[in-house]
Amino acid sequence: MALVLALTCVPSHVNETTETVDHLGGVLSVVFVAALVVTINFAPVPGTGALALGTALVTLAAGAGFFARQRRARSPLYDLHVAGRRIFWVAAVGGIIVFGSLMGAIFVGQQYLQDVLGYSPLRAGVAILPAAVCMVGFAPLSARLTHALGSGFTLLSGYLFCLLSFLTMLALWKQGSSYWVVGLAFAFLGAGVGLAGTPASHSLTSSVPTRRAGMASGTADLQRDLGGAIMQSILGALLTAGYASVIAKSVASSPNRSKITGSVQSQLEKSFAGAQQVAQRYPQYASKITAAAKSAFLAGDQWAYAAAIIGVLLGAALVFFMFPRHEAEIALLGRYQAEDSQPAAVPARAPRPRAAHRKH
């Protein structure tokens, strides 16, 4: 039924614009984001330095190409003049960090719950419900705070709760931790995202002209998608690097070091799942392998949580120093509106030369 209604009732085009689509800019943006994520993921993996360096160069080239294209395109995919407005770009970066923190924390947290605490996939999924409940519950408060005290104050409030969440993970998520510690961290995280989500989106849409509403909407989606991709990659890479480092030290100090082949060590260092596969092949050492893998994971996730804390603090500093206070925010938005309401300047035409008078 939905397909029939879509085919019969939804127009194929609503003539919302007559401008051409910047396909080249779109391709460059896709290459930039993809290369960036691949670089972050492969940077800590042993033996992939050349690949990481190559993708890093592609990232720089695609980013520079996208920036140059947007400056010269007649109909840019991303209006850099509008994106350079202080309220817009600070809110965009702030939102990327907040939503990325949510995705990254869930990514690492699900592995912690299942690999270290032994939760089933279903139980691990249910365990993050406090984040969803607090996110929804704090959203109305966020709207009221944004209206009364400004977007900057509300963003910083969200950052505070995100910081409390990662501090809880760093200090209290250990082997054998009870669920209330897990639920508390996720509740703090949900409250932080619930508070920061409204001002981040509101600042984007209110600081652009009507003709760029699609750009603001796209940036709001970008906060979630790009933020999630980057933070998951960073936290995951640090988790992997920390885990592999501890496992390597455990293997080196093992009394059975001479019996451990290079392929087995490589599998042990690859991931917790790899260690579990080795434990199944060598049941006589299964308990020791599992214990070492859990200890290595807990060391690696400390790297990840510490990086998340640094990211949140940097985002909070950016908002505190760069985002205008409430009165200045209102004045700046008014200036943007006045600037956008002015008609575009039309170049004056040169006067037409008068025809020479004929002598009679």
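We did not get these values from a lab; they are worked out from the coordinates using the rules stated. Small disclaimer: the values here were computed from a predicted structure and weren't measured. We place every Cβ from the backbone using ideal geometry, glycine too, and count neighbours over all the protein chains shown.
If I take every Cα pair under 8 Å that is 6 or more residues apart in segment 23-78, average their sequence separation and divide by the length, what percent do I get for the relative contact order? The partial results should precede the final answer.
Working: 48 pairs, mean separation 24.4, N = 56.
Relative contact order for segment 23-78 comes out at 44 percent.
Would you list, by chain and number, the aspartates and glutamates whose Cα falls below 18 Å from the Cα of Lys249, excluding same-chain residues fewer than 8 positions away?
Correct list for Lys249: Glu269, Asp301.
Once every DSSP H run of n ≥ 4 in the chain is given -39500 (n - 2.57) and the sum is divided by its residues, what mean residue ellipticity at 222 nm do you get, rounded to the nearest 500 deg cm²/dmol? Write down the numbers at each step before the final one.
Details: 14 runs with 273 residues, N = 360.
Counting only the DSSP helices, I get -26000 deg cm²/dmol.
Under 10 Å, Cα contacts only: if you run a Gaussian network model on the chain, which one of Gly194, Gly65, Gly158 comes out with the highest mean-square fluctuation?
Of the options given, Gly65 has the highest mean-square fluctuation.
Could you work out the relative contact order of the chain? I mean the mean sequence separation of Cα pairs under 8 Å and 6+ apart, divided by the number of residues, in percent.
Normalised by residue count, the contact order of the chain is 22 percent.
Under a GNM of the chain (C-alpha, springs under 10 Å), which listed residue has the highest mean-square fluctuation: Glu339, Glu329, Glu269?
Comparing Glu339, Glu329, Glu269 in a Gaussian network model of the chain, the most mobile one is Glu339.
When Met322, Met215, Met169 are ordered from fewest to most other Cβ atoms inside 10 Å of their Cβ, what list results? Could you put the intermediate results ahead of the total?
Details: Met322 14, Met215 21, Met169 28.
With the sparsest Cβ surroundings first, the list reads Met322, Met215, Met169.
Which distance in Å, rounded to a whole number, links the C-alpha centroids of segment 98-123 and segment 47-87?
Result: 32 Å between the Cα centres.
Of the candidates Ala43, Ala35, Ala73, which one comes out as most mobile in a Gaussian network treatment of the chain with C-alpha springs shorter than 10 Å?
Among Ala43, Ala35, Ala73, the largest GNM mean-square fluctuation belongs to Ala73.
All other residues with a Cβ under 12 Å from the Cβ of Val251 taken together, and with Lys, Arg as +1 and Asp, Glu as -1, what is their net charge? Each step should come with its number before you reach the end.
On the way: positive: Lys249, Arg257, Lys259, Lys288; negative: Glu269.
Local net charge: +3.
Ratio to report: Rg/Rh of segment 23-78, with Cα atoms as the point set and Rh obtained by the Kirkwood method; give two decimals.
For segment 23-78, the value is 1.11.
I need Leu53, Leu167 ordered by Cβ neighbour count within 10 Å, fewest first.
Ordered by Cβ neighbours within 10 Å, fewest first: Leu53, Leu167.
What order do you get for Lys174, Lys294 when you list them from fewest to most C-beta neighbours inside 10 Å?
Details: Lys174 11, Lys294 18.
Result, fewest neighbours first: Lys174, Lys294.
Which semi-axis lengths, in whole Å and largest first, follow from the square roots of five times the eigenvalues of the Cα gyration tensor of the chain?
49, 26, 19
What base-10 log of the normalised intensity I(q)/I(0) is obtained for segment 94-200 from the Debye formula, alpha carbons as equal point scatterers, at q = 0.12, 0.20, 0.21, 0.24 Å⁻¹?
These q points yield log10 I(q)/I(0) values of -0.38, -0.92, -0.99, -1.20.
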